[in-house]
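J.: Take this structure first; my questions come after.
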């Protein structure tokens, strides 16, 4: 898997919104504000530091395991709505019709990389069209797969899918809702050698997703959070994610399951779960932990 960096940056930016309802998109003001996120799967270390001012997220610092800062995303607002996320030479701009988010544009320097066009039905996000600028330079273009599951990088590396082309020109994404959660996301990706279809189905708990409508500069986080891959504008936390990938003659379904510890309905620890082959009992591996300001 390659060319993931910019897409990751842009998507994370989009996730900064508080709601997928039209009147609230562009606002991220959760009651419990994240202060720090720790990685736990390879030892305990600080992964993210969040900085707030006047109830607005202003900056997220991302750290390497050795304690060095890897990169910093900075947030700008206009009229209380998220307008831009910046990181080094990359930035993502957000455009509105009134308070309704209509367009997301990702840039590398002055070069437009992708344009995301959003549409709604009954105040719920219904469709996203993604168009890639054909002038995008190889090596700076992200891979759309990570819009939907960073874990895909892991499962593709283990799969028998041999793909020479991970690039794309356009993508169409449709969403099915169940109450306040996205139940299913279907994605059609036009690639140079074929058309790829991805279907992602979610099962949720009844507690609060602390990163609902959080956007990072990395576009692959527009649709998914990292701890774990809960859909960004869903109200609750995913306990099961099921992905069907169809590409040429290859088709396979993958599953990822999670468990949580909570405090006042907010997750404090996130576990990846699996079934023990010998005892048929659930195994849990701690992967992330949250620290809140309040």
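The values are calculated or read from the model by the stated rules, or taken from the named source; none is laboratory data. Predicted model, so just to flag it, every value in this text is computed and none were measured. Every residue, glycine among them, receives a Cβ derived from its backbone with ideal geometry; neighbour counts consider all protein chains shown.
J.: In region 41-50, what residues are part of a loop (DSSP other than H, G, I, E, B) and either in contact with a helix residue (DSSP H, G or I) (Cβ under 6 Å, 6 or more places away or on another chain) or at pLDDT 95 or above (or both)?
T.: Scanning region 41-50 gives a single hit, 44.
J.: Any idea which residue in region 144-200 is surrounded by the most Cβ atoms within 10 Å (Cβ to Cβ), counting only those that are within 19 Å of residue 131 (Cα to Cα), at pLDDT below 85 and under 15 Å from the mean Cα position of the chain (by Cα)?
T.: 147
J.: The conditions are (1) at pLDDT 95 or above; (2) surrounded by fewer than 14 Cβ atoms within 10 Å (Cβ to Cβ), and residue 98 fails exactly one of them. Which is it?
T.: (1)
J.: Additional query: Under 6 Å by Cβ, and 6 or more places apart or on different chains, what pairs join a residue from region 225-247 that is at positive phi with one that is outside any loop (DSSP other than H, G, I, E, B) and modelled with pLDDT of 90 or more?
T.: Pairs found: none.
J.: Another question about this same structure. Provide a single number: the residues in region 77-102 that are part of a loop (DSSP other than H, G, I, E, B) and within 16 Å of residue 29 (Cβ to Cβ).
T.: Within region 77-102, residues that are part of a loop (DSSP other than H, G, I, E, B) and within 16 Å of residue 29 (Cβ to Cβ) number 3.
J.: Which members of region 201-231 meet the condition of being under 27 Å from residue 107 (Cβ atoms), at pLDDT 80 or above and touching a strand residue (DSSP E or B) at 6+ places or on another chain (Cβ under 7 Å)?
T.: Matches in region 201-231: 215 only.
J.: Looking only at region 269-284, count how many residues are loosely packed, with under 12 Cβ neighbours inside 10 Å and not in a loop (DSSP other than H, G, I, E, B).
T.: Matching residues across region 269-284 total 1.
J.: Of the residues in region 51-70, how many are without any contact (Cβ under 8 Å) to a residue 24 or more places away in the chain and either in contact with a helix residue (DSSP H, G or I) (Cβ under 7 Å, 6 or more places away or on another chain) or part of a strand (DSSP E or B) (or both)?
T.: 9
J.: Let me ask something else about it. Which condition from (1) in contact with a strand residue (DSSP E or B) (Cβ under 8 Å, 6 or more places away or on another chain); (2) touching a residue at least 40 places away in the same chain (Cβ under 8 Å) is the one that residue 257 breaks?
T.: (2)
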